[in-house]
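Shown next, in structure tokens, is the structure this report addresses.
Taken together, the values in this text are just the output of simple stated rules run on the coordinates, not laboratory data. Here the structure is a predicted model, which is why all the values come from computation and not from measurement. Neighbour counts are summed over all protein chains in view; Cβ atoms, including those assigned to glycine, are modelled from backbone coordinates with ideal geometry.
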Amino acid sequence: MPRLLVVVGSTNPVKQQAVARGLAAWGPNRAWDVVMHAVPSGVSAQPRTLEETRRGARQRALAAREAVPQGQMWFGLEGGLTRVDDRWFTFGWVAVLDWTGRWGEAQSAAFPLPPAVARLIDQGWELGPADDAVFGTQHSKHGPGAVGLITQGRLRRVDLYTQAVILALAPLWRPDLYPAGGDDETAATPRGRDPNHA
């Protein structure tokens, strides 16, 4: 069986690991190479709405396809914030595009930020540096993430993103449930190389 070339639009190893785990959950009998590629998100460094976060994930997937067009699957993962009443919640959005032009998308679990972190967010900080300042860590977004720091390692950023990757892959790998053209954004222009004819 031919190997899939899967491109993650980021150089964050947490995102690469989440994609690899999500693929393994759906396709234990398939082989793939998951590579990272730095691409722009096209949104602010810290998205502050669900809509902006989703747009960043989709634009990362499209940029990854432009950068590595010989792939078969391109992922964009974007961490974001949103206001619920008077509290900041954080979450991740996953967008995946395959060589046929089909999209899959999903949101991770969302959870509230501690007040000390939220105050820095209100001052314009990005979440990663705000977490590091409050918890005394460095580059936590490349490791446990906010969720890992808050839960003391019981749940990590890679765990949240892995679940979202699995869910985002559902429309691609369950076409019996998600027929092409089932919504207004399912299809994109086919690109890449069919892995069955590699």
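Is there a quick way to get the dipole size of the chain? I mean about its Cα centre, with the Cβ of Lys and Arg at +1 and of Asp and Glu at -1; what is the value in debye to the nearest 20? Display every interim value, and only then the final one.
Details: 21 positive and 19 negative charges, 91 e Å.
Value, rounded to 20: 440 debye.
Classify segment 77-126: rounded, prolate or oblate, from the alpha-carbon gyration tensor (a ≥ b ≥ c, eigenvalue square roots; a/c under 1.5 rounded; otherwise prolate if a/b is larger than b/c)?
On the way: a/c = 4.11, a/b = 2.77, b/c = 1.49.
Prolate, because a/c is 1.5 or more and a/b exceeds b/c.
In what order do Arg54, Arg119 fall by count of nearby beta-carbon atoms within 10 Å, going from fewest to most?
On the way: Arg54 20, Arg119 14.
Placing the least packed residue first, the sequence is Arg119, Arg54.
Let me check against my output: what whole-number percent is the relative contact order of segment 96-157, with C-alpha pairs under 8 Å and at least 6 apart? Working shown, then result.
On the way: 47 pairs, mean separation 10.6, N = 62.
Dividing the mean separation by the residue count of segment 96-157 yields 17 percent.
So what's the back-of-envelope 222 nm ellipticity for the chain, counting only DSSP H runs of four-plus at -39500 (n - 2.57) apiece and dividing by all residues, rounded to 500? Mind dumping the intermediate values first?
Numbers: 6 runs with 72 residues, N = 198.
Dividing the helical sum by the residues of the chain leaves -11500 deg cm²/dmol.
When the Karplus curve 6.51 cos²θ - 1.76 cosθ + 1.60 is applied with θ = phi - 60°, which whole-Hz ³J(HN,Hα) does each residue of segment 73-88 get, with x for Gly and Pro?
8, 10, 10, x, 10, 9, x, x, 10, 8, 8, 10, 6, 10, 10, 8
So between Leu167 and His139, what do we pick up on full extension, going 0.36 nm a residue minus the alpha carbon distance?
Numbers: separation 28, 0.36 × 28 = 10.08 nm, distance 2.71 nm.
Length difference between fully extended and current span is 7.4 nm.
Just the number, please: percent antiparallel of the DSSP beta bridges in the chain, rounded to the nearest 5.
Details: 20 of 28 bridges.
Of those bridges, close to 70 percent are antiparallel.
Over segment 1-132, calculate the relative contact order: mean separation of alpha carbon pairs under 8 Å at least 6 apart, over the residue count, as a percent.
Relative contact order, segment 1-132: 21 percent.
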